Each structure stands twice: as C-alpha cells, then as structure tokens.
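Worksheet for the structure shown next.
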Amino acid sequence: MLSNARSRCSTSVYLAAYADESYDLDLGVYVLTASLIDRTEAEPIRAVLTHLRKGGRKLHWSKEPDRRREEIAKVASSFRSTNLVVVGSASPMNAERARRKCLEAILPEVEAAGGSVLTLESRRPHNDKLDKQTVAVCKRKRVISMKVHVEFMPGDAEPMLWLPDIVCGAALAAARGNRRYLEQLADAARLLDVDAS
C-alpha cells in the first residue's frame, strides 16, 4: 500500500482527485495516476497548467518535445500535490483488463488519502461505463466504501487532468529506461506495481 499520501497536500480533508492513464502494449506496461490536490489550491495549479499549454486544446505529455517535458516535469514537481501512480505489468497485455486492475488498486489508495470523488478523463461512454462497473465491483467486494464514486470529463475541459497525464508520461518513460523525468518529480510521485494480467 502507498503511504503518506497526504504529505504533500495540506491537512484539509477537501481533497480533489484527478486521474489519467498511459500505456505501452508492446512493453506490457499500463500506468494509471491519481493526482490528489487540496481543493483550495486547485485554481492556482489549474492556472499554471493552462499557462504551460502551447497551442492545441490541452497539454499532452506525449506530444511534447524532450526539452519541454523537462520543464513541465519540473513545474509539476513544485505543486503541493500527491500523485499516486499504479504501474501494471502483463505480457501479453490487454489494455482494458490492465486498466481494470490498476483502477482496482488505485481506488482504495485515493479513499485512504481522503478522496471520495475521482475525476477521470472521459474515454467515450462505452469505456466510461466499464470504469463505473469496476467501481461497482470494488464496492461490492468492500475494497472501497459506498462514498467513493467517479466522474468523467473531457481532457480539454479540465486542466487538472493534465497533471496526472504528466506524471503518467514520466512513469512510462521510466519503464522505457529514461528515469530523468520521474526523478525530477521526486517524492511528488508514489509508485505501486501491480500484476495486470
């Protein structure tokens, strides 16, 4: 289990959680990150993330050049946030199964940290429904309480979703052998490995 999830957030119980994913099926790695932020600090972080965007409808790690990734990771490391990073591994990998395993692992971590609502980037209605089903199963198994639920927003409508995208990108780069972005994030990212097969 991940620990000290509140350490970079304030002591307030008003935590907001935002999640995004990144994966490499050939490598057999699926990364799901939940970024936890005190709601009172969300607006300043949202403003900084919006300022970081250079064209396009949203800030997207995979579309940024290396030099920009270093700048973005450095800025993300300065936020008062905790990023819970679940890294699922499987060979061969089925993306939806891996996502389900990662979501099952991250939901209790979000709740333990004080979050009850997890906002996910919408992946269209069918896939969003699959995530809701995973949440329902976790509740039935009592992995999480009935208070926890998920919401969905388009990635270009909520800049706070760009923070977990940044952290996912750094974690996936590390899985591919480049750890410098993840090292920049330092203790802003807390990793948990899971079997996603």
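The values are calculated or read from the model by the stated rules, or taken from the named source; none is laboratory data. Being a predicted model, the structure only gives us computed values, none of them experimental. Reconstructed Cβ throughout: ideal geometry from the backbone, glycine too, with neighbour counts over all protein chains shown. Note: areas computed on protein heavy atoms with side chains; ligands, DNA, RNA excluded. Shrake-Rupley method; radii C 1.70, N 1.55, O 1.52, S 1.80 Å.
Numbers for the structure displayed
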read-out: Output for the stretch 77-102, where each listed residue is assigned to a helix (DSSP H, G or I) and out of contact with any strand residue (DSSP E or B) (no Cβ under 8 Å at 6 or more places or on another chain); value: SER77, GLU96, ARG97, ARG100
read-out: Selection count, the stretch 20-44, where residues are assigned to a strand (DSSP E or B) and out of contact with any Cys (no Cβ under 9 Å at 6 or more places or on another chain); value: 4
read-out: Only listed residue being surrounded by 14 or more Cβ atoms within 10 Å (Cβ to Cβ) and touching a Pro at 6+ places or on another chain (Cβ under 7 Å), chosen from SER122, SER89; value: SER122
read-out: Residue satisfying all of: in the stretch 45-63; assigned to a helix (DSSP H, G or I) and under 28 Å from LEU192 (Cβ atoms); most open to solvent (accessible area, probe 1.4 Å) among these; value: LYS63
read-out: Close pairs (6 angstrom Cβ cut-off, 6 or more residues apart or separate chains): closer than 16 Å to LEU191 by Cβ in the stretch 105-116, among the small types (Gly, Ala, Ser) and not in a helix (DSSP H, G or I) anywhere; value: ILE106/ALA34; VAL110/ALA17; VAL110/ALA34; ALA113/ALA5
read-out: Residue satisfying all of: in the stretch 64-76; part of a helix (DSSP H, G or I) and over 20 Å from LEU32 (Cβ atoms); most open to solvent (accessible area, probe 1.4 Å) among these; value: ARG67
read-out: Single condition SER12 does not satisfy, out of (1) more than 18 Å from ASP187 (Cβ to Cβ); (2) modelled with pLDDT of 95 or more; value: (2)
read-out: Test: residue in the stretch 133-145 that is modelled with pLDDT of 95 or more, at positive phi and open to solvent by 60 Å² or more (accessible area, probe 1.4 Å); value: yes
